[in-house]
Amino acid sequence: QLKEIAVSANFCRMPGLAMFYSELVQGIPPIFNHYAANVPALHSVLVFVSIKSLPISKVPLEERFLFRRVEPKELNVFRCVARYGYTDEHEPFEGLLVEKLKEFIKDSFWISQRNMDDNNGEKFDIKEEEFDDGLATGENGNKDAKQVDDQEKQQDLLDEEIEAIDKAWRWGVVHLIGENEVTAAKGAGIVKRILIDYAYNFL
């Protein structure tokens, strides 16, 4: 859905980090659709932020932010749920969010690398049993060299992604907050429309 919006809107990318605030923790926030329909430029890094209050006194700092990447990866879009207890102070958290975002990207990278290494290790053991006569040494050597080369390329991609986050942070942060409006559904009765469209909104 995000890719369809980005392609149909024909965005140009500009440096900076944009935070779209919404109560939603899934799906595309309505504020982003409104932004896409009216602004032809998209910041280099986007974060959909949901701030949630938990029924506990304090949330440990290491558990404050929950991140998830929104595909496709090349758009640099992330979702963040910021969790607070009822005695936590809602301090400006831009810098902290950016640092935790970089930690999330690094952790995700190393987890994926570890999974790849585990899979490659299992395959290597099978090959070693199959070619016990030593004829596979050159082949395995080539595979090991290719694996190291792939890891170096992945590391370069990680460094580029972290640099992109830092660069966007240095350019500045834009905060976008939408307003919610409650309206009666189409086909609702006149009493319901009066209660929701007028009485509820008045309250």
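Rule-based calculations on the coordinates, nothing more; no lab input. Bear in mind the structure is a predicted one, so any value in this text is a computation, not a measurement. Note that each Cβ is placed from the backbone with ideal geometry, even for glycine, and that neighbours are counted across all protein chains shown.
Cut-off 11 Å, label point 7 angstrom out along Cα-to-Cβ of Tyr200: give me the residues of region 164-184 whose amide nitrogen falls inside.
181-184
Can you tell me how much longer the chain between Lys3 and Ser108 gets when fully stretched, taken as 0.36 nm per residue apart minus their C-alpha distance, in nm with one decimal? Don't jump to the answer; show the numbers that get you there.
Working: separation 105, 0.36 × 105 = 37.80 nm, distance 2.18 nm.
Gain on extension, Lys3 to Ser108, equals 35.6 nm.
Applying a 10 Å radius around every beta-carbon, put 97-103, 167-173, 21-27 in order of their mean neighbour count, most first.
Averaged packing, sorted descending, gives the order 97-103, 167-173, 21-27.
Listed here are the pairs Lys58/Lys167; Lys73/Lys186; Lys3/Lys52; which of them are more than 30 Å apart at the Cα? Intermediate values should be presented prior to the final figure.
Numbers: Lys58/Lys167 32 Å; Lys73/Lys186 37 Å; Lys3/Lys52 27 Å.
Result: Lys58/Lys167; Lys73/Lys186 exceed 30 Å.
If R₀ is 30 angstrom, what is the calculated FRET efficiency for the pair Val25 and Glu152, using the beta carbon separation as r and rounding to 0.05?
0.25
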